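A short worksheet on the structure shown next.
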Amino acid sequence: MKRPDLDTLACVNRECQRFRLTGEGHLTVRKVYGHDRIRLLRCRACREEFSERRGTALFNTKIAEENAEAVIDHVDEGCGVRATARLSTVAKDTVARLLRMAGRHAERLHDQRVRDVTPRALEFDEQWSFVKKKAEAVSGRGARRGGGHVGPYGDRGR
């Protein structure tokens with residue numbers, strides 16, 4: 001995977017004079033490690049060292065970026081955790097952990113970027129879900145045969 005240019009990265013130390021400042025050439029690569037050749041960076045101003053993955057959804061993970069991307073893509077396409085684990089050849093716990101981390105990261109990014117939005121109208125789609133019960137489960141209980149449409153309030157109307 002192509003590494004981001006050093007000019008697009010910034011120091012992550014809050015006490016540093018160069019905190020969150022990009023394009024100033026104050027970061028150097030101290031070493032490269034792991035299968036993905038992740039760079040360990042050092043700020044020239046404060047001497048803080050940090051991984052280029054710091055502040056990303058993959059920070060503190062050992063999974064290859066290609067595998068992590070495949071996991072997120074499979075879930076995005078509608079695969080469940082077990083199917084994603086099988087297709088990506090990773091453990092179910094790894095899939096669940098990546099989803100939690102990616103979700104937290106997406107939420108933080110959303111909270112940072114989306115501000116002062118006041119919608120004029122709200123539209124809800126697909127409020128109806130089809131519920132089908134097995135014949136054995138509904139027999140003898142006075143329930144309706146087959147299945148039915150259950151709306152957001154539990155009614156059967158359409």
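Here are a few things to note about the model shown:
- The range 43-59, subset more than 18 Å from the chain's Cα centre (by Cα) and among the small types (Gly, Ala, Ser), residue farthest from residue 2 (Cα to Cα): 45
- Failed item in (1) exposed (fewer than 12 other Cβ atoms within 10 Å of the Cβ); (2) acidic (Asp, Glu); (3) within 17 Å of the chain's Cα centre (by Cα), with residue 116 passing the rest: (3)
- Hits in the range 75-105 - residues which are without any contact (Cβ under 8 Å) to a residue 40 or more places away in the chain and closer than 22 Å to residue 2 by Cβ: 76, 88
- Listed here are the helices (runs of 4 or more DSSP H) enclosed by the range 43-158 that have at least 1 residues being under 30 Å from residue 29 (Cβ atoms), modelled with pLDDT under 90 and of a type outside the set (Gly, Ala, Ser): 65-76, 92-113.
For every residue, the table says whether it meets (1) in contact with a Gly (Cβ under 6 Å, 6 or more places away or on another chain); (2) of a type in the set (A, V, I, L, M); (3) farther than 26 Å from residue 22 by Cα; (4) crowded, with 17+ Cβ neighbours inside 10 Å.
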position	(1), (2), (3), (4)
49	no, no, no, no
55	no, no, no, no
63	no, yes, yes, yes
73	no, no, yes, no
91	no, yes, yes, no
97	no, no, yes, no
100	no, no, yes, no
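The values are calculated or read from the model by the stated rules, or taken from the named source; none is laboratory data. Please read these numbers as outputs of a predicted model, since none were measured by experiment. Note that each Cβ is placed from the backbone with ideal geometry, even for glycine, and that neighbours are counted across all protein chains shown.
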